[in-house]
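Data first, discussion second: the structure below is written as structure tokens.
Readers should treat all values here as calculations from the given coordinates under stated rules, not as data from a laboratory. All figures in this text were calculated on a predicted structure; none of them were measured in a lab. We place every Cβ from the backbone using ideal geometry, glycine too, and count neighbours over all the protein chains shown.
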Amino acid sequence: MENLERGIAEAIKLQKLVVRQGISMMEKRIVSDRNGFRWAAIRDTPDLEFFLHPLMLSNLALFLLRALKVLCSEFLVIVHET
């Protein structure tokens, strides 16, 4: 049971890193949208070593895609003609 609790605590810590980095990148407007692709460079972050791992990088990318999708949908205007 102790291993499970440690594993859950570590997973929570890593997810918080992803959320913190993703929010920071969105606030700094680091994510670029060019030619139909979104990309960003991760620099100047104390957590860089975590994002060198492919799974953490994938989690960050998925977080950013979901967050940007929600943000963009809030700004869409639906025109309804009567």
Quiz item: Mind checking the angle between helix 2-27 and the chain's longest principal axis? C-alpha axes, 0 to 90 degrees, to the nearest 10.
Solution: 30 degrees
Exercise. Would you work out the relative contact order for the chain, in percent, from Cα pairs under 8 angstrom that are 6 or more residues apart?
Key: 27 percent
Quiz item: So which lysines can Lys28 reach, going by Cα to Cα under 22 Å and dropping same-chain residues fewer than 8 places off?
Solution: Lys16, Lys69
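Taking the stretch 1-64, which trypsin sites (Lys or Arg not before Pro) meet the DSSP loop condition and have no more than 11 other C-beta atoms within 10 Å?
Qualifying residues, ordered by number: Lys28, Arg29, Arg43.
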Exercise. For volume of the Cα convex hull per residue in Å³, several values are listed as [x] 104; [y] 134; [z] 150; flag the one computed from this structure.
Key: [y]
Exercise. Report the full-extension gain for the segment Leu48 to Lys69: residue separation times 0.36 nm, less the Cα-Cα distance, to one decimal in nm.
Key: 5.1 nm
Quiz item: Under a GNM of the chain (C-alpha, springs under 10 Å), which listed residue has the highest mean-square fluctuation: Ile30, Ile42, Ile12?
Solution: Ile12
Quiz item: Helix 54-75 versus the longest principal axis of the chain: what angle, 0 to 90°, nearest 10, using Cα atoms?
Solution: 30 degrees
Quiz prompt | Residue-count net charge about Arg38 - beta-carbon cut-off 14 Å; Lys, Arg +1, Asp, Glu -1 | solution = +3
